[in-house]
Amino acid sequence: MSSAPAAHGAAPAPKFAEHFASLEVQNHAARLGMWLFLSTEILLFAGLFVCYSCYRFLYPEAFAEASRHLNLTLGTVNTVVLITSSLTAALAVHYAKEGKNNLVALMVGLTLLMAVGFLVIKGFEYSHKFHEGTLPGKHYTYQGLQLPGAPMYFTIYFLSTGLHALHVTIGMGVLTWMGVRALTQKNFGPNNYTGVELASMYWHLVDLVWIFLFPMLYLV
């Protein structure tokens, strides 16, 4: 590992790997890597969007009716929660650039709190679906909607929202790591905030995917 020399009594300069010419080059590579990773994640969800579009074309009446059996109020609340959590994630990056590590930890904590709220609300939705039998594929037993294609709608619903919830959980783990670093190491600053920035980028992806899922499943 390499680093620039630090003045006596000053905080040590951020280190960079030996195969990078400078810290700036390392940070640029990290951002580029994250953008490439996020691109693959978008392709993953794009497959689900294409699948939804194809089956909606085949079963338009069933998909329209099935969407009315989702709880629009809970979906709307979750949308507001996620959008607000993106704000606090962005503020964490802002405070990391200024070296205000306690505020970084606070913003990360608020983001995590809203993430937990999102998952709890989604859990209530899932519980209701299990109770009434609007489940994927052969497990679909709901008698109030027996149109061909209705089980496929709920298959796509559980697959897409479940995959999204998994990404929310992963994002929570990454943000927790950044929050702990802000509290314990207190080493984020103008020259060392890339970790928080990358975690925030991932969280914005989670938010962006939901912005597509919400109208697709609840509104269209």
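The values are calculated or read from the model by the stated rules, or taken from the named source; none is laboratory data. Just so you know, these numbers come straight off a predicted model, no measurement behind them. In this analysis, Cβ positions are derived from the backbone assuming ideal geometry, glycine residues included, and neighbour counts consider all displayed protein chains. The accessibility values were calculated without ligands, DNA or RNA, using every heavy atom of the protein model including side chains. Shrake-Rupley method; radii C 1.70, N 1.55, O 1.52, S 1.80 Å.
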Some residue of the stretch 57-70 being surrounded by fewer than 14 Cβ atoms within 10 Å (Cβ to Cβ) and either among the β-branched types (Val, Ile, Thr) or touching a strand residue (DSSP E or B) at 6+ places or on another chain (Cβ under 6 Å) (or both)
no
Taking the stretch 166-220 on its own, how many of its residues are farther than 30 Å from Pro151 by Cα, of a type in the set (Val, Ile, Thr) and touching a helix residue (DSSP H, G or I) at 6+ places or on another chain (Cβ under 6 Å)?
3
Members of the stretch 53-82 that are among the acidic types (Asp, Glu) and over 13 Å from Leu217 (Cα atoms):
Glu61
So, in the stretch 193-220, exactly how many residues are without any contact (Cβ under 8 Å) to a residue 12 or more places away in the chain and under 18 Å from Tyr157 (Cβ atoms)?
1
When Phe130 is evaluated against the numbered criteria (1) in contact (Cβ under 8 Å) with a residue 12 or more places away in the chain; (2) open to solvent by 40 Å² or more (accessible area, probe 1.4 Å); (3) farther than 30 Å from Glu98 by Cα, which criterion, by number, is the only one it fails?
(1)
